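Below: one structure, written as C-alpha cells.
The values are calculated or read from the model by the stated rules, or taken from the named source; none is laboratory data. From a predicted model like this one, the values you see are computed outputs, not experimental measurements. Backbone-built Cβ (ideal geometry, glycine too); neighbour counts: all protein chains shown.
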Amino acid sequence: MSDPIVTTIFKTRLGSLADVPCIDVLNVRPATLPDVFTSVERDHSTTSRITLGTPTQFREEGVINVVVHVRAGQGSAAAEALTEQVRDLFHNYSVGNLQVYTVDSGVVISPDDGNFFELKVPVGYMFDFFKP
C-alpha cells in the first residue's frame with residue numbers, strides 16, 4: 001500500500017483538471033456524484049532501503065490507478081478524452097521526492113452498477129523518504 005503522502009500528491013495534481021473533481025468514491029453516495037470525475041486507487045507498492053545510517057533513506061515504488069468516471073449514456077469519447085488529459089498530466093511529472101516513470105493507456109473497467117463508464121490509468125512512481 002502506498003504512502004498516504006503519495007495519494008495526496010496524486011489528488012492534488014488531478015485537481016488541476018478544469019471542472020473535473022477528484023472524489024473519494026468510498027465516502028460519497030452515488031446520488032451525489034457528478035457526471036464526470038476522477039478517483040485514485042492505491043494499487044501496489046514495494047519499499048526498499050537505499051542508504052545505510054541515520055536517517056535512513058527508503059524508496060517506495062508502486063502504481064496508483066487514476067480512474068476516470070463518466071456517467072453512462074454519454075458515450076466513451078468523453079471518457080477517452082479525459083483519460084488522455086490525465087495521461088498528459090502525469091507524463092514527465094515530478095514534485096518533491098516523487099517521480100512518475102510510467103503512464104499506461106486507459107483500461108476499461110466493467111462497472112459493477114452500470115451507472116458509469118470507467119477507465120483506469122495505471123501510473124508508476126518512485127517516492128523517496130527518510131526514517132530515523
Q | Count of residues meeting criterion [in contact with a Lys or Arg (Cβ under 6 Å, 6 or more places away or on another chain) and closer than 13 Å to Val95 by Cβ] in the stretch 1-26 | A | 0
Q) Is there a residue in the stretch 73-85 that is within 19 Å of Lys11 (Cβ to Cβ), touching a residue at least 60 places away in the same chain (Cβ under 8 Å), surrounded by 13 or more Cβ atoms within 10 Å (Cβ to Cβ) and not basic (Lys, Arg)? A) yes
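One line per residue, one yes/no per condition, for (1) over 14 Å from Pro122 (Cβ atoms); (2) more than 15 Å from the chain's Cα centre (by Cα); (3) buried (at least 18 other Cβ atoms within 10 Å of the Cβ); (4) in contact (Cβ under 8 Å) with a residue 12 or more places away in the chain:
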| site | (1), (2), (3), (4) |
| --- | --- |
| Pro21 | yes, no, no, yes |
| Asp35 | yes, yes, no, yes |
| Arg49 | yes, yes, no, no |
| Phe58 | yes, yes, no, yes |
| Val67 | no, no, yes, yes |
| Arg87 | no, no, no, yes |
| Phe90 | no, no, yes, yes |
Q: Could you tell me which residue of the stretch 1-19 is surrounded by the fewest Cβ atoms within 10 Å (Cβ to Cβ), considering only residues that are among the polar types (S, T, N, Q) and touching a residue at least 12 places away in the same chain (Cβ under 8 Å)?
A: Ser16
Q | Residues satisfying the stated conditions in the stretch 82-100, i.e. hydroxyl-bearing (Ser, Thr, Tyr) and either touching a His at 6+ places or on another chain (Cβ under 9 Å) or modelled with pLDDT of 95 or more (or both) | A | Tyr93, Ser94
Q. Which one of these is farther than 17 Å from Lys120 by Cα and not charged (D, E, K, R): Gly62, Gly75, Gly96?
A. Gly96
Q) Taking Val68 and the conditions (1) out of contact with any Gly (no Cβ under 9 Å at 6 or more places or on another chain); (2) more than 30 Å from Pro132 (Cβ to Cβ); (3) part of a strand (DSSP E or B), which numbered condition does it fall short on, given that it satisfies the others? A) (1)
Q.
Condition first: surrounded by 19 or more Cβ atoms within 10 Å (Cβ to Cβ) and touching a residue at least 60 places away in the same chain (Cβ under 8 Å). Now tell me which residues in the stretch 92-115 satisfy that.
A. Leu98
Q | Number of the condition not met by Leu52 [criteria: (1) assigned to a loop (DSSP other than H, G, I, E, B); (2) in contact with a helix residue (DSSP H, G or I) (Cβ under 6 Å, 6 or more places away or on another chain)] | A | (2)
